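Following: one structure in structure tokens, then a few remarks.
The values are calculated or read from the model by the stated rules, or taken from the named source; none is laboratory data. Note that the structure is predicted; figures quoted are calculated from it, not measured. Don't worry about glycine lacking a Cβ; one is built from the backbone with ideal geometry, like all the others, and counts go over all protein chains shown.
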Amino acid sequence: MIEHVDIAIIGGGPVGASLALGLQGSGLSVAVLEAREKLEVADPRALALSQGCRLTLERLGAWEALAPDATAIETIHVSQRGGLGRAVLTREDAGVPALGYVAEYGALVAALAGRLLACDATVVTGARVTDVAATSAYAAVRYQRGGAEHLLTARMAVLSEGGRALPAHMRQDKDYGQSAVIATVSTQRPHGRRAYERFTAEGPIALLPLDAASLLHAPSPPAPPPPTGEGSYALVWTTPSAQVEERLALGDADFLAQLQVAFGDRQGRFTHAGPRAAFPLKLTLAAESKSPRIQRIGNAAHVLHPVAGQGFNLGVRDAWHLAQRILDTPRERLGEAAMSNAYAAERRFDVLGGSLMTDILVEAFSNDRPLLGHARGAALILLDLLPPLKTLFARKMMFGAQAW
């Protein structure tokens, strides 16, 4: 077993794998510790990947394998239930081939895992990390594998989205009192590569277009594809946490009827709903690490509300920028305070901007206050009528702080 490396990455999921791939060919020794026995995972949950994320995956050599399973988003329709105003963002407005893409989490993991296993990083699967500590000279990672205890030291340890959960005193949490109900649904009309963000008093409803007819969390064998001419969407329906179990227990007909009332008829009738699941929604921001030898990226550093699809894309940007910072730092300076401070300063605006934007959207749009409703409608109309503002907003969704 390896005992010392330059960079130890804890978590071999998409964000950790992206960091390792960003460092390939650098001459640095990199180890990835993954708790699962295999990197691949059968998980058909849908992810919204921004155009910026696609470009990063291309640089890492993973997009070619993922592209056949990804659905392009060419238009995003934003509206509010029970109020005036709507905005339509298009790829032409932003001057890009697509505003984003929808892909299954499992397909993304497989595409990155294929590249990770072929690169020069050492990948250790079945490694359950039990402790991460640091001295002034190195980081120490303790993990269990095959019933034995192991110690790995590194110039720097990075906790990615697969990293250990932070204790309460090392993070800031905001519970929205909401959960996301997810499923795949079919609509009367084809999706036309159009995504929807529909704000309601309960919270946003997102519909993400799917070319594949696989159903989220579908049992084996999967449900049949929708009839020709119908559209298939990944649904993310924000629901008050107190009502989640009731919504999950609804029969398909009642579930679709409630969704029809909440969303409206822009896609015609909802005709089919696949198996459902739910997860709680919160905002979590990690406190800055007390040691420059330990960095956090992805979900180990921040968890955002899924509105506007920023969370995962923010994690990929973390990985890319940390890789560039590492490559620009002499080996003997890796993990020193100067490097850590430079990376933190570089990412602060993007992380705080993304978390603030999603938080404002949730708080401002998840209510039925009349005055706020008029203000929301005016904001959507203004956004739709001012092409430069629309383009700037779209580019913020795609590229984060770099767009400002």
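Where strands (runs of 3 or more DSSP E) sit wholly within region 1-92, those with at least 1 residues that are within 17 Å of the chain's Cα centre (by Cα) and polar (S, T, N, Q) occupy 46-50, 71-73.
Let's see how each residue does on (1) surrounded by fewer than 17 Cβ atoms within 10 Å (Cβ to Cβ); (2) modelled with pLDDT of 90 or more:
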residue	(1), (2)
Asp173	yes, no
Ser179	no, yes
Ala183	no, yes
Pro224	yes, no
Glu230	no, no
Thr239	no, yes
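The set of residues in region 326-375 that are among the small types (Gly, Ala, Ser) and touching a helix residue (DSSP H, G or I) at 6+ places or on another chain (Cβ under 6 Å) comprises Gly353, Gly354.
When Asn341, Asn313, Asn299 are checked against the criterion of being part of a helix (DSSP H, G or I), of a type outside the set (A, V, I, L, M, F, W, C) and surrounded by fewer than 23 Cβ atoms within 10 Å (Cβ to Cβ), a single residue qualifies: Asn341. On the basis of being crowded, with 22+ Cβ neighbours inside 10 Å and modelled with pLDDT under 95, does Glu104 make the cut? So Glu104 fits the description; yes.
Within region 353-369, the set of residues being in contact (Cβ under 8 Å) with a residue 40 or more places away in the chain and either surrounded by fewer than 20 Cβ atoms within 10 Å (Cβ to Cβ) or of a type outside the set (Phe, Trp, Tyr) (or both) comprises Gly353, Gly354, Ser355, Met357, Thr358, Asp359, Leu361, Val362, Ser366, Asn367, Asp368. All of Ala48, Ala72 fail the test of being surrounded by 21 or more Cβ atoms within 10 Å (Cβ to Cβ) and touching a strand residue (DSSP E or B) at 6+ places or on another chain (Cβ under 9 Å), apart from Ala48.
Tell me, yes or no, whether region 120-138 has at least one residue that is under 15 Å from Pro14 (Cα atoms), over 21 Å from the mean Cα position of the chain (by Cα), part of a helix (DSSP H, G or I) and in contact (Cβ under 8 Å) with a residue 60 or more places away in the chain. Within region 120-138 (the criterion being under 15 Å from Pro14 (Cα atoms), over 21 Å from the mean Cα position of the chain (by Cα), part of a helix (DSSP H, G or I) and in contact (Cβ under 8 Å) with a residue 60 or more places away in the chain), the answer is no, since none of the residues qualifies.
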